[in-house]
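Trainee: Once you've had a glance at the structure underneath, I'll fire off some questions.
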Amino acid sequence: MRNETRMAMLQKMRLWTALLLLTVGVSTVKAEDESGGWIDGTLQYVPRVAVCALYLAHAESATKDRKHYFINTIGSTLLSTGITWVCKSTIHEWRPDYTDRRSFFSGHTSMAFSGAHILHKEYGHLSPWISIGGYTVAAAVAASRVARDRHHPHDVLVGAAVGILSTELVYYTTSQWFKNKGTAVAITPNEVSVRVGL
């Protein structure tokens, strides 16, 4: 009986998390920020916060192994951030408002879509609203960056692609790595080989 009550409570918590993400995302599209971008600056982290909240609530993630889970989530963040930094440091495209030459591509959008894609991959199987909520928040960040003249439309499109693709690359790489984990020894008449997967 206790286990059923706990499962029902977790299910409600998952649903409320997804609805909160969706509500925040939709309301942000309507919000106007003329003071310097704190809304999209904060919202870019909402999908990642949702990933952490669901993990702490012991929601069932798609990645069962804890080490694999943390490598996926942290690795996706680091790869997306690294690619963004390299592009912004080398391309030097003017922003639409001409404040600086760090327009290409949108780091806010890249961070938001990377987090939304992690949320989808880990917890999207629990409810489609979790994925919809995460992607809605990410799209709201992208729309806000263009509406406030901080980025060109192509900046946010590339940012979204980099966020999603960097997450996919990390998940693919780690799935291969964890699949090949272990030690194999092969002995033939001509050689002895040892393969160690960490």
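The values are calculated or read from the model by the stated rules, or taken from the named source; none is laboratory data. Being a predicted model, the structure only gives us computed values, none of them experimental. Methodologically, a virtual Cβ is constructed for each residue, glycine included, from the backbone with ideal geometry; neighbour enumeration extends over all protein chains shown. Keep in mind that these areas ignore ligands, DNA and RNA; they rest on the heavy atoms of the full protein, side chains included. Shrake-Rupley method; radii C 1.70, N 1.55, O 1.52, S 1.80 Å.
Trainee: Out of region 27-63, which residues are assigned to a loop (DSSP other than H, G, I, E, B), open to solvent by less than 60 Å² (accessible area, probe 1.4 Å) and at pLDDT 80 or above?
Mentor: Q44, A57, A59, S61, A62, T63
Trainee: Would you check if S103 is open to solvent by less than 20 Å² (accessible area, probe 1.4 Å) and in contact with a Lys or Arg (Cβ under 8 Å, 6 or more places away or on another chain)? Please lay out each step first, then the result.
Mentor: Details: open to solvent by less than 20 Å² (accessible area, probe 1.4 Å): yes; in contact with a Lys or Arg (Cβ under 8 Å, 6 or more places away or on another chain): yes.
When the stated conditions are applied, S103 passes them.
Trainee: May I ask you to list the residues in region 107-148 that are out of contact with any Ser or Thr (no Cβ under 8 Å at 6 or more places or on another chain) and assigned to a loop (DSSP other than H, G, I, E, B)?
Mentor: Matches in region 107-148: H125, L126, S127, R148.
Trainee: Okay, next question. With the checklist (1) at pLDDT below 95; (2) open to solvent by less than 40 Å² (accessible area, probe 1.4 Å) in hand, flag the one item R66 doesn't pass.
Mentor: Tallying (1) at pLDDT below 95; (2) open to solvent by less than 40 Å² (accessible area, probe 1.4 Å), R66 fails exactly one: (2).
Trainee: Output the number of residues of region 103-147 satisfying the condition of being of a type in the set (G, A, S) and under 26 Å from S89 (Cβ atoms).
Mentor: Our first condition is that a residue be of a type in the set (G, A, S); within region 103-147, this holds for 103, 106-107, 110, 112, 114-116, 124, 127, 131, 133-134, 138-140, 142-144, 147.
Then drop every residue that is not under 26 Å from S89 (Cβ atoms), which leaves 103, 106-107, 110, 112, 114-116, 138, 142-144, 147.
Summing the residues that are of a type in the set (G, A, S) and under 26 Å from S89 (Cβ atoms) in region 103-147 gives 13.
Trainee: Another question, then. Confirm whether A139 is in contact with a Phe, Trp or Tyr (Cβ under 8 Å, 6 or more places away or on another chain) and touching a residue at least 24 places away in the same chain (Cβ under 8 Å). So that I can check it myself, show each step before the final result.
Mentor: Numbers: in contact with a Phe, Trp or Tyr (Cβ under 8 Å, 6 or more places away or on another chain): no; touching a residue at least 24 places away in the same chain (Cβ under 8 Å): yes.
No, not satisfied.
Trainee: Would you please list the contacts, defined by Cβ atoms under 6 Å and residues six or more apart or on different chains, that run from a residue in region 148-169 that is free of Cβ contacts under 8 Å to residues at least 60 places away in the same chain and open to solvent by less than 50 Å² (accessible area, probe 1.4 Å) to a residue that is aliphatic (A, V, I, L, M) and part of a helix (DSSP H, G or I)?
Mentor: V156/A142; V156/V146
Trainee: May I pose another question? Return the residue satisfying two criteria in turn: it lies in region 69-98 and is part of a loop (DSSP other than H, G, I, E, B) and free of Cβ contacts under 8 Å to residues at least 40 places away in the same chain, and of such residues it is most open to solvent (accessible area, probe 1.4 Å).
Mentor: Taking region 69-98 and keeping what is part of a loop (DSSP other than H, G, I, E, B), we get 92-98.
Now narrow it down to the ones that are free of Cβ contacts under 8 Å to residues at least 40 places away in the same chain: 92, 94, 98.
On the way: H92: 87, W94: 113, Y98: 155 Å².
Looking at residues that are part of a loop (DSSP other than H, G, I, E, B) and free of Cβ contacts under 8 Å to residues at least 40 places away in the same chain, I get Y98.
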